[in-house]
Amino acid sequence: MGKGSHLRVGRGPHYLILALFFLAFIKLGRDTCEGGLDFEVLWHAGRSLVEGANPYGAYLGRPGLVFKYPPWLLPIFMPFAWAPVSAAKTLWAGCELLALAGVLRWVRQEGVRWSVLAAVFVGFWGVWISHFQMGQIAIVVTAAVLPLARIQEGDSGRHGQAGRIFPVILAFWGLSSKVFWLLAGLGRPSLFARAASLFWILLTTSISLWFVHVRISWVSWEALFLSWLRSAGSGGVALEESAVRGWGNQGLPALILRLLGVPASNVVGDWIAFLFCAFFLSVYWWNKSKRLPATVAWMGWIAVATICHPLAWFHSFALCFPIAAWSLESSLRELTQSHRRGPLVLSLVALILIGGVSPRFPGGGISQSGMLLSPKSIGVLLLLIVAK
């Protein structure tokens, strides 16, 4: 099953699925326009850059609301800062929806049927709501990193070398938005190790950093990077214990640290838990992915990076949508071809755990104490087991 598969649904169901996506997109776009608190932090950072101020200052005077991303990503948000925050939210909602449409198209091209795509989309509804209500970037990152999967298969498009280099740059910039997501780079060591790719990554990053430095020349390089490191590691210090170690943090490191009773202020504990999870999951997926198509392997690496992150909020699991859609499609095909029900059951349970269970929504079917077991990460583990 791959890009050459063109499975169709009837005209009636096809229109119903399109109507479903259309209505969902309207709802999600409105959520960002009416909420979007996390995007306001990004807008504030871009505005600070426009005004020549330190972009790593707290937004609205709240220590937890700080720009946590690397300084080379700051210019991306600068154009939004030229508009009022309400208009900027509308623009960002459009970016989120375009990215989501791009992800759906990419997964569809991998041979996932429209009906399966719609089912998984609905199954991820809790993730989408969380993502768009906060105006987050995970779906934009997902759209940016997925094209890297096809390079190793020789699909560089009609643009030659640029068709190979551009996805590498996009992937690096996207994954570096959350430094721990760079773990996914293990999935393409030959690409990330190439001198040409490294050269272009360094060049584009250097240009961006130079631009940032020109805008805030009064801030030294050392002070800029120290500000970034303080902001990036401010979760356990600035946010409440209930947020960092609470049920909203669904990563595997958070689960381990909750079980061990490690306080949120212990940043070293987060690093150790991350390295522990990253090592064992990377070894597992490295060995399993050798038998999988390159695109499926890459989806899995993105999912591994998500659940290993020390701060894996609900919206982070948007990155796991591709592997979820693929796993359900492959398990349905396995049911048809070999009558094995196990993979399908695991895929459905995974969907419920990732997108269905939440004490935030009526009928979520789980208490806050149950969410402390990180069911979303457990659901992703099931997907990694099922993926073929």
Would you point out the residue of region 86-97, among those that are in contact (Cβ under 8 Å) with a residue 24 or more places away in the chain and surrounded by fewer than 21 Cβ atoms within 10 Å (Cβ to Cβ), that is farthest from Phe317 (Cα to Cα)?
Ser86
Would you say Ala101 is assigned to a helix (DSSP H, G or I), of a type in the set (Gly, Ala, Ser) and buried (at least 20 other Cβ atoms within 10 Å of the Cβ)?
no
Would you please name the residue that is nearest to Ser177 (Cα to Cα), looking only at residues in region 196-218 that are hydrophobic (A, V, I, L, M, F, W, C) and outside any helix (DSSP H, G or I)?
Ile216
Return a yes/no flag: does region 353-374 have any residue that is modelled with pLDDT of 90 or more, under 30 Å from Val179 (Cβ atoms) and small (Gly, Ala, Ser).
no
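The values are calculated or read from the model by the stated rules, or taken from the named source; none is laboratory data. Since the model is a prediction, treat every value here as computed from it, not as a measurement. We place every Cβ from the backbone using ideal geometry, glycine too, and count neighbours over all the protein chains shown.
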